[in-house]
Amino acid sequence: MFILPDLPYPSDALRPVISAETLRFHHGKHHKAYVEALNRLLEEQGASPGDLESVVREAAGDPARDKLFNNAAQAWNHGFFWDAMTPDLQAPDGDLAAAIDSAFGGLAGLKAALVKTGADHFGSGWVWLLAEGDRLKVLATHDAANPLTLDGVVPLTVCDLWEHAYYLDHQNDRKGFLEAWFDALPNWTLAADQYAAARGRGPAWRYPASVRPGGTALRTER
Ligand code: MN3
């Protein structure tokens with residue numbers, strides 16, 4: 001059984017980019033529903049997997065396990081998304097800032113790439129900043145799909161492109177949501193830890209851990 005992790009901040013902490021109402025529905029209804037469906041499917045199969053990452057990887061690409069993949073990946077994506085945001089305004093520094101400079105010409109270039117990729121993405125999905133070894137790239141995935149299924153790729157941050165993520169606050173303005181999100185909310189401390197993991201220095205984020213700036217795990221129970 002997998003848990004619905006608590007949000008790592010109060011539900012009004014991400015205002016005005018994400019209202020308390022959006023966050024409460026998103027976490028308490030959408031994420032919760034994915035976790036419950038995932039647990040129901042595993043129970044029906046008599047399966048009790050140890051970690052969510054394996055469930056996602058093993059179900060990926062198997063049409064007979066579409067439903068399991070979708071709910072497992074959406075549970076994972078939302079857990080990572082909550083931790084990938086912070087109410088404390090941050091900026092990348094150190095190795096991560098240097099990698100962003102080299103791949104995108106600076107933070108403004110990364111913002112432009114991420115906003116364009118996310119705004120141009122057709123339908124529901126996610127926009128990710130990924131590391132493959134020390135190289136960074138931006139990628140959008142459809143629906144529940146996530147980079148856990150890509151060999152040697154580690155996500156540094158992500159933004160939810162499903163309309164439930166922004167419609168109450170930004171209506172149809174996905175581009176405006178992404179711009180405001182990028183300026184205020186990314187947890188660059190987590191992104192730096194993930195970038196270190198991508199280069200073999202330390203573990204990558206795993207569900208349902210919530211990590212505070214500085215890398216201290218707040219929760220490890222399952
Ligand atoms: Mn969502």
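Tabulated results
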| quantity | calculated |
| --- | --- |
| Conditions (1) within 16 Å of the ligand (Cβ to nearest atom); (2) closer than 30 Å to residue 1 by Cβ; (3) not hydrophobic (A, V, I, L, M, F, W, C): number failed by residue 123 | (2) |
| Segment 153-175 - residue that is in a loop (DSSP other than H, G, I, E, B) and under 17 Å from the mean Cα position of the chain (by Cα) and, of those, nearest to the ligand (Cβ to nearest atom) | 162 |
| Residue list for segment 1-45, filter: within 18 Å of residue 209 (Cα to Cα), touching a residue at least 24 places away in the same chain (Cβ under 8 Å) and not in a helix (DSSP H, G or I) | 1, 2, 3, 4, 5, 6, 7, 8, 9 |
| Some residue of segment 102-112 being more than 19 Å from the chain's Cα centre (by Cα), at pLDDT below 95 and part of a loop (DSSP other than H, G, I, E, B) | no |
| Among residues of segment 21-37, those that are of a type outside the set (Lys, Arg), surrounded by 14 or more Cβ atoms within 10 Å (Cβ to Cβ) and touching a Leu at 6+ places or on another chain (Cβ under 7 Å), counted | 5 |
| Residue in segment 168-176 that is of a type in the set (A, V, I, L, M), surrounded by 20 or more Cβ atoms within 10 Å (Cβ to Cβ) and in contact (Cβ under 8 Å) with a residue 60 or more places away in the chain present | no |
| Leading residue by the ranking (surrounded by the fewest Cβ atoms within 10 Å (Cβ to Cβ)) among those in segment 120-144 that are over 18 Å from residue 202 (Cβ atoms) and touching a Gly at 6+ places or on another chain (Cβ under 7 Å) | 142 |
| Segment 46-88: number of residues that are small (Gly, Ala, Ser), free of Cβ contacts under 8 Å to residues at least 24 places away in the same chain and within 16 Å of residue 36 (Cα to Cα) | 2 |
| Selected residue (criterion: surrounded by the most Cβ atoms within 10 Å (Cβ to Cβ)) from residues of segment 180-196 that are farther than 23 Å from residue 30 by Cβ and over 16 Å from the mean Cα position of the chain (by Cα) | 196 |
| Criterion: among the β-branched types (Val, Ile, Thr), surrounded by 14 or more Cβ atoms within 10 Å (Cβ to Cβ) and either within 16 Å of the ligand (Cβ to nearest atom) or under 21 Å from residue 30 (Cβ atoms) (or both) - qualifying residue of 117, 86 | 86 |
| Test set (1) within 16 Å of the ligand (Cβ to nearest atom); (2) at pLDDT below 95 - residue 25 fails condition number | (2) |
| Qualifying residue in segment 208-221 (condition: modelled with pLDDT of 95 or more and surrounded by 15 or more Cβ atoms within 10 Å (Cβ to Cβ)) | no |
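Matching residues to (1) more than 14 Å from residue 186 (Cα to Cα); (2) outside any loop (DSSP other than H, G, I, E, B); (3) within 16 Å of the chain's Cα centre (by Cα); (4) away from the ligand (no atom under 13 Å from the Cβ):
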position: 98; (1), (2), (3), (4): yes, yes, no, yes
position: 129; (1), (2), (3), (4): no, yes, yes, yes
position: 138; (1), (2), (3), (4): yes, yes, yes, yes
position: 151; (1), (2), (3), (4): yes, no, no, yes
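The values are calculated or read from the model by the stated rules, or taken from the named source; none is laboratory data. Every value quoted in this text rests on a predicted model; they were computed, and no experiment measured them. Using ideal geometry, Cβ is built from the backbone for each residue, glycine included, and neighbour counts are taken over all protein chains shown.
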